[in-house]
1. Would you please list the contacts, defined by Cβ atoms under 8 Å and residues six or more apart or on different chains, that run from a residue in region 246-257 that is closer than 13 Å to ALA105 by Cβ and surrounded by fewer than 22 Cβ atoms within 10 Å (Cβ to Cβ) to a residue that is of a type in the set (Val, Ile, Thr) and modelled with pLDDT of 95 or more?
2. Of everything in region 108-149 that's within 21 Å of SER231 (Cβ to Cβ) and hydroxyl-bearing (Ser, Thr, Tyr), which residue is surrounded by the most Cβ atoms within 10 Å (Cβ to Cβ)?
3. How many of the residues making up region 213-245 are of a type in the set (Val, Ile, Thr) and open to solvent by 20 Å² or more (accessible area, probe 1.4 Å)?
4. For GLY174, are the conditions met, namely being surrounded by fewer than 17 Cβ atoms within 10 Å (Cβ to Cβ), over 17 Å from ALA222 (Cα atoms) and of a type outside the set (D, E, K, R)?
5. Which of (1) assigned to a loop (DSSP other than H, G, I, E, B); (2) at pLDDT 90 or above; (3) among the charged types (D, E, K, R) does ARG60 not meet, given it meets every other one?
Amino acid sequence: MKTHLNFTALRAVEAAARHQSFSGAAAELHVTPAAIGQLVRSLEESLSVELFVRERSGSRRLTPTDAAERALPDIRAGLDRLTRGLSRLQESARGGLLTVTTSPAFASKWLLPRLERFQAACPETDVRLHTGLNLVDFEQDAIDIGVRYGKGQWPGLTADKLMDEEIFPVCSAGWLEAHGPLLQPAQLAGLPLIHDLSVDSRTGFMTWSEWLHRAAADNVDAMRGMQVNSSAAVLQAAVEGRGIALARSVMAREDVASGRLVRLFPEISVAATLAYYIVYRPECASLPKVMTFRHWLHSEAQASALDQ
């Protein structure tokens, strides 16, 4: 049996098993039921294995045999892999689609303002941005590359450090004028703090409690204040004068540089225990579009560090 017939026959078997009928499989694959039946029979003859129990009546007229049931999970996984592989060949033919994953906050505060420069340098590559707080499966979701914040260890992925950062309090200039001056962290007692609920202290994210402890301001109640489940919205709340946010330097850089936010206690430097990493599957490391985007991210991070 020819290879292309094997692939077509496996698709027919998988669809027939899912629909429990040749007619349902035929409708999905846009062929006739007779063609599905012939493909199934040809595979059964080639393998000398019966794949379906055929009934003349009843609601389940086509039932996979035990042998087919054992093989179907691997057949489905293989067909999914082949489909993704064909999609990647099609992407290459049209210049390349690069799927990038990162958090919504990093996308809005750091990546998107710079992405136009990548598009200008690589006009043949279309970028599809996948944002979300939950970690995605790179293989299942066809992700090429991403930027994650953490300790640099994610199963199945290569992680290249992109940037370290500092953690410090910020507020708007107007809010500071109305409530200041603030010369030492102990003066934060009783003032409205803005908490970022999108971060998890169990995985190493720094909270107000930890920062205040490091700054020797244990008199401040670190549990009170506004709670927001978005890092970008936390900074926006501070810009709007809602209180004092605990900022990450990479995320807050443009707001501080523009004067929308003021860094408090600049003499206190608290390094984050986590960092930003470029992540990708090892088998994709040599793909030209992945290599190009990885090098571009590093160059942008270096340029950003020089501007500080």
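1. Hits for this filter: ASP255/VAL170; ASP255/VAL239.
2. Within region 108-149, the match that is surrounded by the most Cβ atoms within 10 Å (Cβ to Cβ) is TYR149.
3. Residues of region 213-245 of a type in the set (Val, Ile, Thr): 220, 228, 234, 239, 244.
So of that shortlist, the ones also open to solvent by 20 Å² or more (accessible area, probe 1.4 Å) come out as 228, 239.
Of the residues in that region, 2 qualify.
4. Working: surrounded by fewer than 17 Cβ atoms within 10 Å (Cβ to Cβ): yes; over 17 Å from ALA222 (Cα atoms): yes; of a type outside the set (D, E, K, R): yes.
Considered against the rule, which asks whether it is surrounded by fewer than 17 Cβ atoms within 10 Å (Cβ to Cβ), over 17 Å from ALA222 (Cα atoms) and of a type outside the set (D, E, K, R), GLY174 comes out as yes.
5. Failing condition for ARG60: (2).
Condition check ((1) within 19 Å of the chain's Cα centre (by Cα); (2) assigned to a helix (DSSP H, G or I)) across all residues:
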| residue | (1), (2) |
| --- | --- |
| LYS161 | yes, no |
| TRP175 | no, yes |
| HIS195 | no, no |
| PHE205 | yes, no |
| SER209 | no, yes |
| LEU212 | no, yes |
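Okay, residues lined up against (1) free of Cβ contacts under 8 Å to residues at least 12 places away in the same chain; (2) over 19 Å from the mean Cα position of the chain (by Cα); (3) outside any helix (DSSP H, G or I); (4) within 26 Å of GLN153 (Cβ to Cβ):
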| site | (1), (2), (3), (4) |
| --- | --- |
| ASP221 | no, yes, yes, no |
| ALA232 | no, no, no, yes |
| VAL279 | no, no, yes, yes |
| LEU297 | no, no, no, yes |
| LEU306 | yes, yes, no, no |
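The values are calculated or read from the model by the stated rules, or taken from the named source; none is laboratory data. Since we're looking at a predicted model, the values are computed, not measured. Methodologically, a virtual Cβ is constructed for each residue, glycine included, from the backbone with ideal geometry; neighbour enumeration extends over all protein chains shown. Ligands, DNA and RNA are excluded from the accessible area calculation, which covers all protein heavy atoms including side chains. Shrake-Rupley method; radii C 1.70, N 1.55, O 1.52, S 1.80 Å.
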